[in-house]
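**Student:** Sharing a structure below in structure tokens format, with a few things to ask.
Every number here is computed from the coordinates shown, using simple stated rules; none is lab data. What you are looking at is a predicted structure, and each value in this text was computed from that prediction instead of being measured. Positions of Cβ are backbone-derived with ideal geometry, glycine not excepted, and every protein chain shown enters the neighbour counts.
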Amino acid sequence: MTVSIDAMGGDAGPGIVVAALARAVERHPGVRYLLHGDEAALKPLLERRAKLSTQVEIRHSAERVRMEDKPSIALRRGRNTSMWRAIEAVAKKEAEVVISAGNTGALMAMSMYQLGVAEGIERPAIAALWPTKRGQSVVLDVGANIGTSPEQLVDFAIMGAAFARAILGLERPTLGLLNVGSEDMKGNDAVRGAAHILRSVPLQMEFTGFVEGDDISEGTVDVVVTDGFTGNVALKTAEGTAKLVVEYLRAALRRSFLTRMGALLASGGLKALRRKLDPRAANGGIFLGLNGVVVKSHGGTDALGFASALDMAIDMASANVMTHIVADRARAIPALSPAAVS
């Protein structure tokens, strides 16, 4: 397997990418990596880590997509950038998956242009694995689409369920539509319309109805479907809350000699709690609905977070999720016709 990496994306630059690769080659010794970016910056970093030389190939790209670049501008002017070249490697079948911590809008625009949208899918979505009381759930969309139609939300449901079966190993995942209440009359036209379709057609999932914001972390369902605006706000809120809890806990345990002694005695449990609350462990948004696997790492992550995103990218490529999505969408087409849902 070959992973194509935009080494110049993100806030911290190529240093965290190379540090993450040092972790990845130990976890996945049979995987090859194409590193796209400024060779003058990347080569010294790799030379300090001799064990990477056999698995990592540098492909020079003179330019990079900036975080502030508009997607339309990046698409028109970005063909010599590390992001474009990284995606191009997947388009040319030189790699199975591409990963970037760069500009999300530019990454989606370039990916759609070079890879194309899968047959039957109107709009791609970004899916994230969300830690819950029961383990993990899939949440989508978390940032690709501001507004959605009922049919697009149904597509997200099909993609999310296929993802849950392939990655989480669930034969028939439960699925809910995120809403402001669980009652049938709640929500906007798109959410209510999607619920009507999901109740009317036979799909390889168990649609349970509407779920609310607190149901996500509870793990009430395996897949939570929403539009990209709401999903992104929920994701950032959860990440911020997790960081706040950790800071509150750290401050409380340092307050006095007795609390510091208590923290020492409870260090094992506190470390386990910190790992569960660490958003880096679940870093990596997956672009579903494209003719290729694209993973978006958080732009502000560190080497540990980028290594987690690399793990997700390799798992995605191994599971061949897009094949499942296309097959599920094809089976659903007769049931999704106007006559079937009227």
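**Student:** Any idea how many Lys pairs in the chain come in under 29 angstrom at the alpha carbon, given 8 or more places apart or on separate chains?
**Tutor:** Pairs that pass both the separation and distance tests number 28.
**Student:** Counting other beta carbons within 10 Å of each Cβ, put 83, 108 in order, fewest first.
**Tutor:** 108, 83
**Student:** Of 171, 218, 239, how do they rank once you tally other Cβ atoms within 10 Å and put the fewest first?
**Tutor:** Fewest-to-most ranking of 171, 218, 239: 171, 218, 239.
**Student:** Could I ask something else about it? Show me the three semi-axes of the equivalent ellipsoid for the range 1-115, from the C-alpha gyration tensor (sqrt of 5 times each eigenvalue), largest first, rounded to whole Å.
**Tutor:** Numbers: eigenvalues 107, 46, 25 Å².
Over the Cα atoms of the range 1-115, the ellipsoid semi-axes are 23, 15, 11 Å.
**Student:** Which value does Rg/Rh take for the chain over its C-alpha atoms, Rh per Kirkwood?
**Tutor:** Here Rg/Rh amounts to 1.00.
**Student:** How much mean residue ellipticity at 222 nm does the chain get from its helices, if each DSSP H run of length 4 or more adds -39500 (n - 2.57) and you divide by all residues, to the nearest 500 deg cm²/dmol?
**Tutor:** Dividing the helical sum by the residues of the chain leaves -15000 deg cm²/dmol.
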